[in-house]
Each structure stands twice: as C-alpha cells, then as structure tokens.
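What follows is one structure encoded as structure tokens, with my remarks underneath.
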There are 2 protein chains.
Amino acid sequence: MDSVTTTPPPRQPRRDATENREALLAAARAVLNRDPAASLEAIAAAAGLSRRSVYGHFSNRDDLLLELVTSGSRRVASALETVSHSDPLTRLALIASHLWIEVESVRVMAVVALRGPLASHTVGALGPVRREVREAIRAGQANGTMRPDIPVDRLARLVEDTALSVLEESTEHAIGAGEGHRLVMLMTLGAVGLGWRESHEFIAETPELTWSGE
Amino acid sequence: MDSVTTTPPPRQPRRDATENREALLAAARAVLNRDPAASLEAIAAAAGLSRRSVYGHFSNRDDLLLELVTSGSRRVASALETVSHSDPLTRLALIASHLWIEVESVRVMAVVALRGPLASHTVGALGPVRREVREAIRAGQANGTMRPDIPVDRLARLVEDTALSVLEESTEHAIGAGEGHRLVMLMTLGAVGLGWRESHEFIAETPELTWSGE
DNA sequence: AATAACTTGCACAGCACTGTGCAAGTTAGG
DNA sequence: CCTAACTTGCACAGTGCTGTGCAAGTTATT
C-alpha cells in the first residue's frame with residue numbers, strides 16, 4: 001500500500017503545445033499592435049485557438065502581456081549590447097539602426113506600455129535604452145555635433161518619439177527593410193539638429209551605418 | 001375643454017446648467033488626455049457632478065466626445081484660416097505656430113481619434129490641416145528649401161507626428177508658452193531637413209514667426 | 001493501442017462600464 | 001415665493017470582458 005512515492009514518470013510536453021504558445025504570442029503581438037485593448041478572444045482567434053485554451057498557456061491576461069514585454073526587452077537589450085562607439089553621433093545612429101532591426105519588439109513594448117499594471121514593467125525594460133540615448137546626446141552636445149539649444153532630457157524624449165514615429169510609420173505604410181533602416185537614422189539625426197544633407201554625408205562616410213541585412 | 005394648445009411658456013435654460021455643461025467638456029478634455037478610456041464616472045467626478053447628470057447634457061458618451069472633437073476642430077480650423085504665406089517654409093512654420101496656440105484642442109482630437117465610431121469624424125476634422133501640411137511640403141520640396149529625400153506623403157506624416165510629439169511633451173513636462181511655441185517650430189523645421197542653426201536663422205529673420213502671445 | 005497532454009465548448013460568477021426610469025431633493029429665475 | 005429647471009441617488013437591465021470548473025473530445029508520444 002505504499003503507492004505514495006510511485007514516481008509518476010512525467011511525459012515531455014507536447015510539441016504542438018509549445019507551438020501554440022508561440023502562435024499565441026505572435027498573434028498577441030500582431031493584434032495588440034492594431035488595438036492595444038484587444039480581447040483574449042480576438043488574440044486566441046488570431047492564433048487559431050479558443051479563448052479557453054489561452055489559460056492553458058498563461059495564467060493571466062497580464063501574464064501573456066508580461067511575457068511579450070520581457071521577451072521583447074530581452075531581444076532589444078541584446079541587440080543593443082554590441083552598440084558602443086566613441087563618437088556620440090555614430091552611437092546614436094547605431095542605436096536607431098539596431099532598434100530598426102528589432103522593430104516589432106520595440107513597438108509591442110511601446111503599445112502595451114500605455115496604462116495598467118504593465119506600465120512599470122515596460123518603462124523598466126526600456127530604461128537602459130533610454131539611458132544610452134540620453135548619454136549619447138549629452139556627449140554629442142558637449143561635442144558640438146548635436147544641437148545645444150534644447151536641454152538634454154527634453155531632446156532625449158523628442159528623439160525617442162521621433163524614432164518611434166518612424167517605426168510606426170514603417171508598419172502602417174509598407175517600406176523596404178533597407179529604406180526603413182535609412183529613414184530611422186535620417187530622422188534621428190535630424191532630430192538632434194543635423195540638416196538633411198549633413199545627415200546623408202554623415203551616413204555615407206560612416207561605414208558602420210551601412211545596411212547589411214535582409 | 002380646449003386646454004390643448006395652451007402654450008406652455010417655456011423658461012430659459014438655467015445659467016448654471018450651461019456652466020456645468022462647459023465644466024463637463026473641460027473635465028473630459030483633461031481626464032481623457034490622461035486616460036483615453038476614462039469612464040463617465042471619472043469625467044463627471046472631475047467636473048464635480050454625478051454620472052447621472054451627464055445624461056442631462058449629453059445623450060451619449062459618444063455624444064460628449066463628438067462635441068469635444070467638433071468644437072476642437074472648429075477652433076483649430078479657424079486658427080488656421082489666417083495662415084497663408086507665399087513661402088512654403090514660412091507657411092509650414094506658421095501652421096506649427098498656430099497649432100501651438102490650440103494645443104489642447106489638437107491633443108484632444110489626437111487622443112480620441114484612436115478607435116471607435118469617432119475615428120472617422122476626427123480624421124475628417126483634421127483633414128484640412130493635413131492637406132495644408134502636405135501642400136506646403138510639396139511646394140517646399142519643389143522650392144529646394146525642404147528635404148527631397150523622402151516622398152511627400154511619408155514626410156507629411158512624419159512632420160505631423162513630430163508636431164504632435166512636441167505638443168505632448170509640452171503638456172507632460174511643463175514648458176513656457178513662448179518656449180513651446182519656439183520648440184514646435186524648431187522641430188518641425190528640423191523634420192523637413194533644416195539643420196538647427198538654419199532653423200534658428202530662419203525663425204530670426206522671419207518676423208511673422210515671432211511669439212507675441214500670452 | 002494506451003495514455004497523458006492538450007483543446008474545446010459550455011456554463012457560471014464576477015467586474016466594470018453604459019444607459020434609463022423614477023422619486024426626492026436643491027436651486028435659479030419670474 | 002413658486003415653479004420649472006436642474007441634480008442626485010438608487011435600482012435595474014444590458015453588454016462585453018476576464019477567469020474558472022468540468023466533461024468530452026482530439027492528438028502526440030511511447
């Protein structure tokens with residue numbers, strides 16, 4: 001009668017289950033980008049599942065969003081790890097450039113960051129990027145390469161908004177990968193004070209900024 | 001028994017009632033700017049009224065929003081009526097400048113324009129402004145004063161976003177009226193390709209763009 | 001083929017919100 | 001001061017969402 005510790009030999013999780021989990025995350029990414037307040041019903045449907053089975057993968061609505069945000073922030077963070085350049089202008093352009101490569105992740109975070117219990121989490125996740133941007137701008141102003149007529153913090157926020165605008169634009173009105181990459185950099189450089197000719201010259205003469213993707 | 005057509009001499013609407021109506025609109029403006037999905041309860045409370053009495057002034061939630069948007073668009077439209085200048089760059093800067101004066105109206109429309117049945121109405125209301133912006137940019141590019149490296153429509157949308165970013169920034173982080181006015185113009189000019197020095201020069205040598213408010 | 005893993009549909013409780021009716025109050029205006 | 005105009009609180013129906021339990025099905029794995 002010692003059926004107590006009969007190790008119930010647990011099977012492996014089924015393959016299709018994890019696939020569905022991924023599908024849910026992907027669907028959430030897509031749907032929430034269109035409507036940040038979309039219901040689980042809508043998300044599940046987009047993933048080809050029923051609302052009920054969402055709860056087989058995530059305990060909560062917030063749990064799902066949390067996963068979206070944290071996985072997104074991980075991607076962005078790791079994408080920005082490689083960014084480090086002595087020239088602040090190049091550094092800023094590189095940040096913009098690398099963000100472009102992670103558009104989806106960034107947008108998800110921006111979209112979900114609106115209100116609710118996730119807000120704190122998202123700003124936390126985006127924090128490091130923010131700091132890098134601010135720092136690059138500070139250096140750039142000291143450097144004389146960026147406009148000194150707007151206080152660092154304010155300019156940093158405006159630059160962030162600029163980049164986000166381009167990322168949004170890029171998903172709402174189709175744009176080639178290389179084109180988008182060029183556009184983020186152009187507008188970011190413009191925001192810190194460069195004229196459009198200057199921006200082009202700068203990009204042209206800075207090999208690190210060349211698009212080498214897709 | 002002919003008490004039928006005894007004209008029931010109707011009184012005038014009470015003064016405080018119309019005041020409350022205004023208070024509701026003002027509260028809605030303020031509250032919805034923080035949370036676009038705020039409840040009528042929240043709005044009414046901010047106006048010092050009960051949720052129930054909202055329905056004494058507006059038949060619907062949408063009715064309230066509709067009024068916000070249309071009154072806002074009327075203000076913006078009339079503010080932009082005076083804008084007309086042969087030089088496209090000046091014209092664009094003037095649009096930005098005049099928008100600044102109507103910040104609140106613009107922001108309300110932008111915020112409420114998200115989804116729902118109001119979307120069509122708001123884009124309609126903002127339509128004329130959009131067209132003016134687009135036209136100024138087209139002329140500016142032909143002119144050689146604005147960057148030709150981005151197609152008109154795309155650039156127009158980016159300029160709109162830039163202006164909105166500044167307006168948002170201005171309400172989220174306090175800024176003087178004159179300062180804000182200067183900032184919208186600077187960033188708008190930057191978006192169409194001017195370097196920061198150029199922008200300053202341009203504003204300095206264009207008397208129409210001088211701040212004469214408050 | 002056996003079985004655990006997974007999905008589904010349905011039913012239900014709960015919550016937050018809108019919109020309405022009504023009776024009782026308060027207040028501005030004639 | 002009288003009365004209509006306005007506000008309020010409460011109750012109630014309706015809607016759309018979340019989260020859960022459960023029984024019945026389907027499917028991957030061994």
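The values are calculated or read from the model by the stated rules, or taken from the named source; none is laboratory data. Owing to the predicted nature of the structure, the values given are computational and were not obtained by experimental measurement. FYI the Cβ positions are ideal-geometry reconstructions off the backbone, even for glycines, and counts take in every protein chain you see.
Scan the range B:178-196 and give yes if some residue there is in contact (Cβ under 8 Å) with a residue 40 or more places away in the chain, assigned by TED's automatic domain parsing to the domain that holds B:GLY72 and surrounded by fewer than 16 Cβ atoms within 10 Å (Cβ to Cβ), otherwise no. No; the residues of the range B:178-196 include none that is in contact (Cβ under 8 Å) with a residue 40 or more places away in the chain, assigned by TED's automatic domain parsing to the domain that holds B:GLY72 and surrounded by fewer than 16 Cβ atoms within 10 Å (Cβ to Cβ).
Scanning the range B:186-214 for residues that are assigned to a helix (DSSP H, G or I) and either among the aromatic types (Phe, Trp, Tyr) or over 18 Å from A:GLU160 (Cα atoms) (or both) gives B:TRP196, B:ARG197, B:GLU198, B:SER199, B:HIS200, B:GLU201, B:PHE202, B:ILE203, B:ALA204, B:PRO207, B:GLU208, B:LEU209.
Of all residues in the range B:68-96, those being closer than 16 Å to B:VAL106 by Cβ and either within 16 Å of DNA strand D (Cβ to nearest atom) or among the β-branched types (Val, Ile, Thr) (or both) number 5.
Annotation: of all residues in the range B:24-58 being away from DNA strand D (no atom under 13 Å from the Cβ) and free of Cβ contacts under 8 Å to residues at least 24 places away in the same chain, the one that is farthest from the other protein chains (Cβ to nearest Cβ) is B:ALA26.
Is the range B:8-15 home to any residue that is surrounded by 12 or more Cβ atoms within 10 Å (Cβ to Cβ) and assigned to a loop (DSSP other than H, G, I, E, B)? No. Scan the range A:154-168 and tell me whether some residue there is more than 10 Å from every other protein chain (Cβ to nearest Cβ), assigned to a helix (DSSP H, G or I) and closer than 19 Å to A:GLU81 by Cβ. Yes, some residue in the range A:154-168 is more than 10 Å from every other protein chain (Cβ to nearest Cβ), assigned to a helix (DSSP H, G or I) and closer than 19 Å to A:GLU81 by Cβ. Only one of A:THR210, A:THR122, A:THR206, A:THR171 is modelled with pLDDT of 95 or more and out of contact with any Phe, Trp or Tyr (no Cβ under 7 Å at 6 or more places or on another chain). Can you tell me which? Step by step, each of A:THR210, A:THR122, A:THR206, A:THR171 is checked, and only A:THR206 is modelled with pLDDT of 95 or more and out of contact with any Phe, Trp or Tyr (no Cβ under 7 Å at 6 or more places or on another chain).
One line per residue, one yes/no per condition, for (1) closer than 28 Å to B:SER71 by Cα; (2) in contact with a strand residue (DSSP E or B) (Cβ under 8 Å, 6 or more places away or on another chain); (3) assigned to a helix (DSSP H, G or I); (4) within 14 Å of another protein chain (Cβ to nearest Cβ):
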residue	(1), (2), (3), (4)
B:HIS85	yes, no, no, no
B:LEU92	yes, no, yes, no
B:TRP100	yes, no, yes, no
B:MET109	yes, no, yes, no
B:VAL123	yes, no, yes, yes
B:GLY127	yes, no, yes, no
B:GLY140	no, no, yes, yes
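If the condition is being of a type in the set (S, T, N, Q) and surrounded by 15 or more Cβ atoms within 10 Å (Cβ to Cβ), then the range A:18-69 contributes A:ASN20, A:ASN33.
For the range B:115-139, the set of residues classified as exposed (fewer than 15 other Cβ atoms within 10 Å of the Cβ) and under 17 Å from the mean Cα position of the chain (by Cα) consists of B:ALA119, B:SER120, B:VAL123, B:GLY124, B:GLY127, B:PRO128, B:ARG130, B:ARG131, listed by residue number. Residues in the range B:139-155 that are under 17 Å from A:SER199 (Cα atoms) and of a type in the set (Asp, Glu): B:ASP149 only. The requirement of being within 14 Å of another protein chain (Cβ to nearest Cβ) and either closer than 28 Å to B:HIS181 by Cβ or within 9 Å of DNA strand C (Cβ to nearest atom) (or both) is not satisfied by B:ASP63. Among the residues of the range A:59-83, those identified as in a helix (DSSP H, G or I) and either without any contact (Cβ under 8 Å) to a residue 40 or more places away in the chain or over 22 Å from A:ALA26 (Cβ atoms) (or both) are A:ARG61, A:ASP63, A:ARG74, A:ARG75, A:SER78, A:ALA79, A:LEU80, A:GLU81. So which of A:LEU209, A:LEU194 ends up being among the hydrophobic types (A, V, I, L, M, F, W, C) and facing another protein chain (nearest Cβ under 8 Å)? Checking each option against the conditions leaves just A:LEU194. Given the condition at pLDDT 90 or above, under 20 Å from the mean Cα position of the chain (by Cα) and in a loop (DSSP other than H, G, I, E, B), answer yes or no: does some residue in the range A:38-56 qualify? Checking the range A:38-56: at least one residue is at pLDDT 90 or above, under 20 Å from the mean Cα position of the chain (by Cα) and in a loop (DSSP other than H, G, I, E, B).
Being within 16 Å of DNA strand D (Cβ to nearest atom), modelled with pLDDT under 95 and closer than 20 Å to A:VAL129 by Cβ is the requirement here; does A:VAL112 meet it? Spelling it out, A:VAL112 is indeed within 16 Å of DNA strand D (Cβ to nearest atom), modelled with pLDDT under 95 and closer than 20 Å to A:VAL129 by Cβ. Counting the residues of the range A:19-37 that are within 14 Å of DNA strand C (Cβ to nearest atom) and modelled with pLDDT under 95 gives 1.
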